[in-house]
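One structure below.
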Protein chains: 4
Amino acid sequence: MPKVGMAPLRKAQLIDATILCIHEEGVARSSVQRISKRAGLSPGIVAHYFDDKDGLLTATLSRLNKNLSEEIIRRMKRANEPLDRLWAILDAHFQPVHFAPDTVDTWFALWGKMREIPNLQRVQRIYEARLRSNLRHALRPLVSAERVEVVADALSAMIDGLWAKSAQPTTEISAERAKTVFSDTLSRLLD
Amino acid sequence: MPKVGMAPLRKAQLIDATILCIHEEGVARSSVQRISKRAGLSPGIVAHYFDDKDGLLTATLSRLNKNLSEEIIRRMKRANEPLDRLWAILDAHFQPVHFAPDTVDTWFALWGKMREIPNLQRVQRIYEARLRSNLRHALRPLVSAERVEVVADALSAMIDGLWAKSAQPTTEISAERAKTVFSDTLSRLLD
Amino acid sequence: MPKVGMAPLRKAQLIDATILCIHEEGVARSSVQRISKRAGLSPGIVAHYFDDKDGLLTATLSRLNKNLSEEIIRRMKRANEPLDRLWAILDAHFQPVHFAPDTVDTWFALWGKMREIPNLQRVQRIYEARLRSNLRHALRPLVSAERVEVVADALSAMIDGLWAKSAQPTTEISAERAKTVFSDTLSRLLD
Amino acid sequence: MPKVGMAPLRKAQLIDATILCIHEEGVARSSVQRISKRAGLSPGIVAHYFDDKDGLLTATLSRLNKNLSEEIIRRMKRANEPLDRLWAILDAHFQPVHFAPDTVDTWFALWGKMREIPNLQRVQRIYEARLRSNLRHALRPLVSAERVEVVADALSAMIDGLWAKSAQPTTEISAERAKTVFSDTLSRLLD
DNA sequence: TATGAATGAGGATTCATTCAT
DNA sequence: AATGAATGAATCCTCATTCAT
């Protein structure tokens, strides 16, 4: 009895399981068997919906990026002042949902696999391009034209650095602290 | 008397091979066999000198950190002005030797394994503590007391973010560009 | 629906192969690869059904013990006289099926691994407890109360000794001979 | 500076280490490296004095058997009565030195390797032949001619059974208990 | 006599993937 | 749509052994 419309449900189930598994057991132990068991499904299902493991991982990164993009868009809509628009971008990254340990762990783990999985690169490149574009756009009213690029680079590096740090077991970085750091930096970096 | 004094030579050989292998083939394909073959040695030798693959990876991270530390110290010695001392730290990270693709790739790959290899954490924690201490020390004459911590966080996040980015295939970050970004940021961040 | 109900079949297949392999090639050469090949299956299947090589060995000991227990029970049922009940236990151990070289070799080999595989101990402890209880129960009507324990020890030691000897290449012990030895001993040991 | 006359010393050292290692770490973990380290020597030394690992194991079994034989001979000399001579043999096996856990563990472990190491068989066969001959000789004045063989078998099986049991982690057999069992059995088995 | 460096085969295990049902 | 049986390659590690010194 073929149930119809299971695809989105199952995909979501598997992506959730992937994130959970990477967070709780580490990438190295996040095998297809382990992920599918965690999703309450069979290992074969991964091939069914994602062709292979790389497909699942790519979909997982897509989902994470999409979540973050939507958060940014949502906040952008409510932002009227130039500075608020910039903060919409930065803030989004450190919202509890997206700065949560499982999200950040997964994001970082997938970043580590990028070299080996071209599709992962593709997905990430698209997200990054959009982020950079958003950043530059938000910065334009706030800094002189010739500094837009360099400040965008600085801020984007800081975002990545803080995310990376928070994904590491060696340091404790709270979202609160991250925002404080940005506050201080922005107050100086902008003209 | 046996062939003696091989230990340091062999260890260096294997660490070199590890870095090369991770850079050229990726972490996932950097098996003990592949690394040892690249070193012109047998797979068993890894256990002989490092107990474990984990031992080899830990030693590799140690070496990388030590190289960087020495670079920082070397530059520190020649720095007389407060600002020069801060630049000594930042600059060191982006010297061709330490910002070279193989170094950065390896550093990033090992960062990704940290969760699973406690010894890697230990090594990194020590390095980080020293770096933070150096940064704070260098910042003290340059910013107000209450901003030392926050600026240290910002700069350290930027370093990590730029390194992480440069280890990714999605972006091209030159050492030159990194320094430009720091220049602009520092000019504003300091009092 | 997948190919179903393979579990008991495959497990039996692998246990059979284990016994055969230990008998014909020795424990030292009874690797997972060799055992599974002998079963006409792939090495991975062992993990699938038994988790471990240890799991397979434990299941093998269980099977051997179960076979023997059932033989004893079968013979017990037909035994009406007290002496017959004692013989049921002894005889069972030296029936062609259970005293067969492959069985005894495997039993002995697994006994040698007991120190290293806790689960093997557990299985054996349970079997031994039952055997001792049976022995004592059978001896009660045949010897004075204060000798039950000591005669049980003597007989159980003789069983093990004869099995152990027969598993060794240094001596030839036929089931016939074993029974003769027991006959003589019993005729004296009982009151 | 080649020291002379080291051979017997070194050999004893290695055999001691073998027994200790098998007892404390188990046969499976008693590698040449581990044994030689325990002896405070290098792994290469084993080949020097025993050709290979099998040679060391064979020498170990020889030593164990020799110790036991000497114990029997010593006790035989002091035994004047026929029954005392029989007890000399049995008792020797359960003297603290020879029934000690490390001795029994090693003896049992080597028994398990016999199938795979022909030299081990050879050594054991010789010992067993002598033991059987001693047993028969001691029994001749104590039981009727036609029962000598069968009682020898029974006693020898009991010795092995008790040793085997005591080498197993599943049961606790004290030397005291062993002797009690023999006492009861002998009192009935002899004419 | 003795070392310890070095080897490479062989072990158990894990894993992504395929496929019949 | 979904299963789970089954595969076989790949990984890390351990080990007996060899050898130059």
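All of the numbers you see were taken from the coordinates with simple rules; none came from a lab. Note that this is a predicted model, so its numbers are computed, not measured. Neighbour counts run over all protein chains shown; Cβ positions are idealised from the backbone, glycine included.
Among the residues of the range C:123-140, what is the count of those that are over 11 Å from the mean Cα position of the chain (by Cα), among the polar types (S, T, N, Q) and either within 11 Å of chain D (Cβ to nearest Cβ) or exposed (fewer than 15 other Cβ atoms within 10 Å of the Cβ) (or both)?
1
Say we look at the range C:12-27 and pick out the residues that are more than 14 Å from every other protein chain (Cβ to nearest Cβ) and surrounded by fewer than 18 Cβ atoms within 10 Å (Cβ to Cβ); which of these is farthest from DNA strand F (Cβ to nearest atom)?
Going through the qualifying residues, I end up with C:20.
What number of residues within the range C:144-172 satisfy the criterion of being farther than 13 Å from residue D:158 by Cβ and under 14 Å from the mean Cα position of the chain (by Cα)?
2
Checking the structure you have, find out if any residue of the range A:113-122 is assigned to a helix (DSSP H, G or I), buried (at least 19 other Cβ atoms within 10 Å of the Cβ), of a type in the set (Lys, Arg) and at the interface with chain B (Cβ under 8 Å from one of its Cβ atoms).
Yes: the range A:113-122 contains one or more residues that are assigned to a helix (DSSP H, G or I), buried (at least 19 other Cβ atoms within 10 Å of the Cβ), of a type in the set (Lys, Arg) and at the interface with chain B (Cβ under 8 Å from one of its Cβ atoms).
Please work out which residue is nearest to the other protein chains (Cβ to nearest Cβ), limiting yourself to the range B:156-179 and to residues that are over 16 Å from residue A:108 (Cα atoms) and part of a helix (DSSP H, G or I).
The residue in question is B:158.
Considering every residue within the range D:170-182, establish whether at least one is basic (Lys, Arg), touching a residue at least 12 places away in the same chain (Cβ under 8 Å) and within 16 Å of residue D:84 (Cβ to Cβ).
Looking for residues that are basic (Lys, Arg), touching a residue at least 12 places away in the same chain (Cβ under 8 Å) and within 16 Å of residue D:84 (Cβ to Cβ), one finds at least one in the range D:170-182, hence yes.
Residue D:109 fails exactly one of the following numbered conditions: (1) touching a Phe, Trp or Tyr at 6+ places or on another chain (Cβ under 8 Å); (2) facing chain C (nearest Cβ under 10 Å); (3) among the small types (Gly, Ala, Ser). What is the number of that condition?
(1)
When residues of the range C:28-48 are filtered for being under 21 Å from residue C:102 (Cβ atoms) and within 14 Å of DNA strand F (Cβ to nearest atom), how many remain?
14
How many of the residues making up the range A:109-121 are within 14 Å of the chain's Cα centre (by Cα) and in contact (Cβ under 8 Å) with a residue 12 or more places away in the chain?
5
Right, residue D:12: within 13 Å of DNA strand E (Cβ to nearest atom) and under 25 Å from residue D:130 (Cα atoms) or not?
yes
Can you spot a residue in the range B:90-98 that is of a type in the set (Val, Ile, Thr) and surrounded by 16 or more Cβ atoms within 10 Å (Cβ to Cβ)?
no
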